[in-house]
1. Largest first, how would 123, 164 line up by accessible area (1.4 Å probe)?
2. With all protein chains present, how much of the accessible area of the range 242-302 (probe radius 1.4 Å) comes from carbon and sulfur, to the nearest whole percent?
3. Rounded to the nearest 0.05, what FRET efficiency is calculated for residue 191 and residue 39 with R0 set to 45 Å and r the Cβ-Cβ distance?
4. If we count every other residue with Cβ under 12 angstrom of residue 178's Cβ, Lys/Arg +1 and Asp/Glu -1, where does the sum land?
5. Among residues other than residue 239 whose Cβ falls under 9 Å from its Cβ, what is the net charge (Lys/Arg +1, Asp/Glu -1)?
6. Provide the net charge surrounding residue 148, with neighbours chosen by a C-beta distance below 14 Å and charges set as Lys +1, Arg +1, Asp -1, Glu -1.
7. Taking 7 Å along the Cα-to-C-beta vector as the label spot, tell me the residue 289-residue 154 distance in nanometres, rounded to one decimal.
8. Can you give the angle from 0 to 90° between the axis of helix 17-31 and the longest principal axis of the chain, with both taken from C-alpha atoms, to the nearest 10?
Amino acid sequence: MTDAHLPATGSIKVVAPKKAAKLVERVARDTENPAVATEQLLIALDIDGTVLLEDESLSPGVVDAVEHAHRAGHEVMIATGRSWEGTRGIMRVLGVAPEFVVCSNGAVVLKRVEADELRYDRWHVETFDPSAVLEQLREHLPDARYLVELPDGRRLYTEYLEDWNLTNARRVPFEELGSQQVCRIVVVSPEKREQDFVDLVARIGLNHVSYAVGWTAWLDIAPQGIDKSTGLELVRTELDIDPAHVLVIGDGRNDVGMFRWALDNGGRAVAMAQGPQEVRDAAGETTSSVHEGGVAEVLRRL
């Protein structure tokens, strides 16, 4: 990007208001002009509590802001705890079809096959044996509702829950959940609070798995050592994007891993204002809440 129309670094140039307005317009136009060289960023957005509110409506301004980031030449993708079945529709509403999508808290990375129809293949999948963890959880949460995601994307669950997307899912007895390798376990206990799950994890410990407590009262368990950052690192490497040219935005405990990954490599990590204090502490920056359009606030400044 040429700086010929800008004052020299460290200097101030006073111009008439009309000329100043034209200068601002030119800078903005250059930012979105594909013919002007810019450093491509890999931008990873969480979904729940970041681009979506509790009622699944969109955070203010997020669609236009994502489009702005695309016009500026950046790769905007999704990194979510959701399964692919719960992610695809959100991508359509956002108007994005990135080359890769990180789902299931990093256990599943999908690669684009066809953009218009949002067809993706499961490009990288991590699994683990869930049987011991399920038995341990059931001992402490006998009335909870359980779901597991299989390597091929199918899901098995014990009881219906209204806000679960159960496309490609089948109800089974609890014992069947642990009969084969899975990508993730989801545990929901409607009468429990978020803090109850935090306390339970601290009390019993969960060995040989990774886990996160969601922004509502549920527990999400992935294979050991796997989180959004591991999936994003695979994507970053495949796209050959400089490690420092990464921007991640999220709000939950399952985003802390990707925050650390971005910051450790010289990138940016931004937490939503309504996230838990420990999550905001882990990020390098905090933006406005999801209700106030925090994602749009960050992306419009790129």
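1. Values: 123 95, 164 30 Å².
Largest accessible area first, the residues go 123, 164.
2. C and S atoms contribute 41 percent here.
3. Approximately 0.40, to the nearest 0.05.
4. Charge balance in the 12 Å sphere: -3.
5. Net charge around residue 239: -3.
6. It works out to a net charge of -3.
7. Spacing of the two 7 Å Cα→Cβ label points: 4.2 nm.
8. Taking the Cα atoms of the chain, the angle to 17-31 is about 50 degrees.
The values are calculated or read from the model by the stated rules, or taken from the named source; none is laboratory data. As the structure is a computational prediction, the values presented were derived from the model and not from experiment. Because the Cβ atoms are built from the backbone with ideal geometry, glycine has one as well, and the counts that use them run over all protein chains shown. Areas reflect the complete protein model, heavy atoms only, side chains present, ligands, DNA and RNA absent. Shrake-Rupley method; radii C 1.70, N 1.55, O 1.52, S 1.80 Å.
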